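The values are calculated or read from the model by the stated rules, or taken from the named source; none is laboratory data. Keep in mind that this is a model prediction, so the values were computed, not measured. Backbone-built Cβ (ideal geometry, glycine too); neighbour counts: all protein chains shown.
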Amino acid sequence: MTVQIEQFGAWLIGQHSRPGWIGDLARVAAGDRTFPRSGDPDRVRGYLDRTHAEADMFEALEDAEALWFGFSRY
């Protein structure tokens, strides 16, 4: 049996209704056509660098990455 793991960028956009910084990051990502939807956390980090995101968005990315990693393991 093969398990399909959702790409981080797509998973993050799916968090748009989550409260707090992760939800804020997801809503920004969903509204930007240049967001790396098929990207891994490092590509999303690069996107945040290129768009000069606030430090809070990087913290949200770290929290989101930890959640995604926990979900993607099962």
Checklist entry - Within the range 32-45, can you find the residues that are among the hydrophobic types (A, V, I, L, M, F, W, C) and in a loop (DSSP other than H, G, I, E, B)? => result 35
Checklist entry - Conditions: (1) more than 15 Å from residue 10 (Cβ to Cβ); (2) at pLDDT 95 or above. Residue 26 meets all but one. Number of the miss? => result (1)
Item to check | Selection from the range 33-42 of residues that are crowded, with 16+ Cβ neighbours inside 10 Å and among the basic types (Lys, Arg) | outcome: 37
Checklist outcome for this item: Picking from 12, 67, 61, 48, the residue that is modelled with pLDDT under 95 and either surrounded by 15 or more Cβ atoms within 10 Å (Cβ to Cβ) or part of a helix (DSSP H, G or I) (or both) would be 67
Item to check | Identity of the residue in the range 15-31, assigned to a loop (DSSP other than H, G, I, E, B) and free of Cβ contacts under 8 Å to residues at least 12 places away in the same chain, that ends up nearest to residue 65 (Cα to Cα) | outcome: 18
